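Rule-based calculations on the coordinates, nothing more; no lab input. Please read these numbers as outputs of a predicted model, since none were measured by experiment. Reconstructed Cβ throughout: ideal geometry from the backbone, glycine too, with neighbour counts over all protein chains shown.
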Amino acid sequence: MGHHLDEVSGPARVAAPGEDIGRQELALAARNHGLPLEALRHDITPPGLHYVMTHYDIPYAEGSPWRLSIGGRVRRPRVLGTAELTSFPAVTQRVTMECAGNGRALLTPRPVSQPWLVEAVGTAEWTGVPLRTLLAEAGVGADAVDVVFTGADHGVERGVEQDYQRSLPVAAALGEDPEVLVAYAMNGAPLPPQHGFPLRLVVPGWYGMAHVKWLRGITVIDIPFEGFQQVAAYRLRQDAGEVGEPVTRIAPRALLVPPGFPDFMSRSRVVREGAVPLEGRAWSGWAPVSGVEVSTDGGREWREAALDPAGGHRWAWRRWHFAWTATPGRHTLSARATDAEGNTQPLRQPWNRGGFANNLVQDVPVLCVDQD
Ligand SMILES: Nc1nc2c(c(=O)[nH]1)N[C@H]1C(S)=C(S)[C@@H](COP(=O)(O)O)O[C@H]1N2
Ligand SMILES: [Mo]
């Protein structure tokens, strides 16, 4: 009698000084896995190695037909099945997706949530129908402000029961650069359940939270959307009471393919002295990556890495490489991406309560041992 959702759903919290990652964070980390960093070698992340992030449960979408409704401030509301969607001209785009909370667990103090280190990233080839094609068919009203995307998953978060919903401003939803997709395939195969089967949104250049999985509704509204994931979560705030700035596009980041071989427990890297080719990936959702610098001495000296051609994939990560000659002893390797708008990665930690859009330069400690 009188039970209430707040019995299971607490407020957002920042870890106390010295508080280690607890069982709730472990449970989230075991469900929501990252990209094993050695998989940065692949241009396109094989499914299963792409990171996964799901707030509630993965819906069971087998067996019964899926329906996508398009409604709200449109002249011709529609309900589409997946077969109708595949009858529209298809577009395939290579897109690097990163969770807005990537890097969160490295922050001090640590925002208590999905405890990502740096591995919440992946690149896939997504195939689907351009969102603007569907919206043009439906006829967006002149008074449209936001387009709301509703997933089939349902849960409670900080006491608020909800379907997972996010919105885009109508200009972004109708734009063709980036081309927002209602995607039904990942790397040429139907979406795996954890990546949104049968339909998801793909918003190139934006952090993961915008790419609504298990998409079942598209609703055009004439006021700004004020759903939980838009106005309560995914805001950059110092204090809980602030309105905060919305989290949108992906800040530049470079990561290294871990060199050498790892220690099982510590994951510390070991290399042998001599030539150690370094490589990695770099991306930015604001502008194309224009350069990557590498430091092998903990950030004192930086040198330019070589960038592979982008190959026309504006929204995908770019490979970089760098020739390093390792000498016996301990080293700290780092890489730092800059984009064509001059956005780059900070060397000291900026902080916000949600741990969002943090793109602090990665440090990779390496022990170099003698040849023999
Ligand atoms: N319906 C729904 N869509 C969602 C989410 C969710 O919990 N429910 N999580 C979002 C978040 S926070 C991220 S980072 C991406 C992760 O996509 P992936 O699991 O395919 O990598 O999905 C986004 N889309
Ligand atoms: Mo995310």
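Remarks
- Net charge contributed by nearby residues that have their C-beta within less than 11 Å of residue 51 (K/R +1, D/E -1): -2
- Averaging 1/r over each pair of different alpha-carbon atoms in the chain and inverting the result gives 21.8 Å, the Kirkwood hydrodynamic radius.
- Among 9, 290, the order by Cβ neighbours within 10 angstrom, fewest to most, reads 9, 290.
- Of the peptides 354-361, 322-329, the ranking by mean beta-carbon count within 10 Å, highest at the top, reads 354-361, 322-329.
- If only the Cβ of Lys and Arg carry +1 and only the Cβ of Asp and Glu carry -1, the dipole of the chain around its Cα centre is close to 260 debye.
- Top of 279, 242, 226 by mean-square fluctuation, Gaussian network on the chain, Cα under 10 Å: 242
- Linear extension gain, residue 16 paired with residue 347, 0.36 nm per residue minus alpha-carbon span: 116.7 nm
- Unit charges at the beta carbon, dipole of the chain: most positive-side option, 350, 252, 86: 86
- Residues 239, 222 arranged by fewest to most Cβ contacts within 10 Å: 239, 222
- Put a dot 7 Å past the Cα of residue 275, heading toward its Cβ, do the same for residue 57, and the two dots end up 5.5 nm apart.
- Take each peptide in 53-60, 187-194, count the other Cβ atoms within 10 Å of every residue, and average; sorted highest first, the result is 53-60, 187-194.
- FRET efficiency estimate (nearest 0.05) - Cβ-Cβ, residue 263 to residue 308, R0 51 angstrom: 0.95
- Per-residue Cβ neighbour rank within 10 angstrom, fewest leading, 70, 223, 21: 223, 21, 70
- Dipole size of the stretch 253-369 about its Cα centre, with +1 on Lys/Arg Cβ and -1 on Asp/Glu Cβ: approximately 300 debye, rounded to the nearest 20.
- Across the chain, the mean sequence separation of Cα contacts (distance under 8 Å, 6 or more residues apart), normalised by length, yields a relative contact order of 17 percent.
- With each label modelled as a point 7 angstrom along the Cα→C-beta vector, the residue 41-residue 5 pair spans 4.6 nm.
- Computed over the stretch 253-369, the percent of Cα pairs more than 20 Å apart is 44.
- Neighbourhood charge, 12 Å Cβ-Cβ cut-off, centred on residue 31 and excluding it, Lys, Arg +1 and Asp, Glu -1: -2
- Extending 7 Å from the Cα toward the beta-carbon at both residue 160 and residue 242 defines two label points whose distance is 1.8 nm.
- Neighbours of residue 280 by Cβ distance under 12 Å: Lys/Arg scored +1, Asp/Glu scored -1, total +2.
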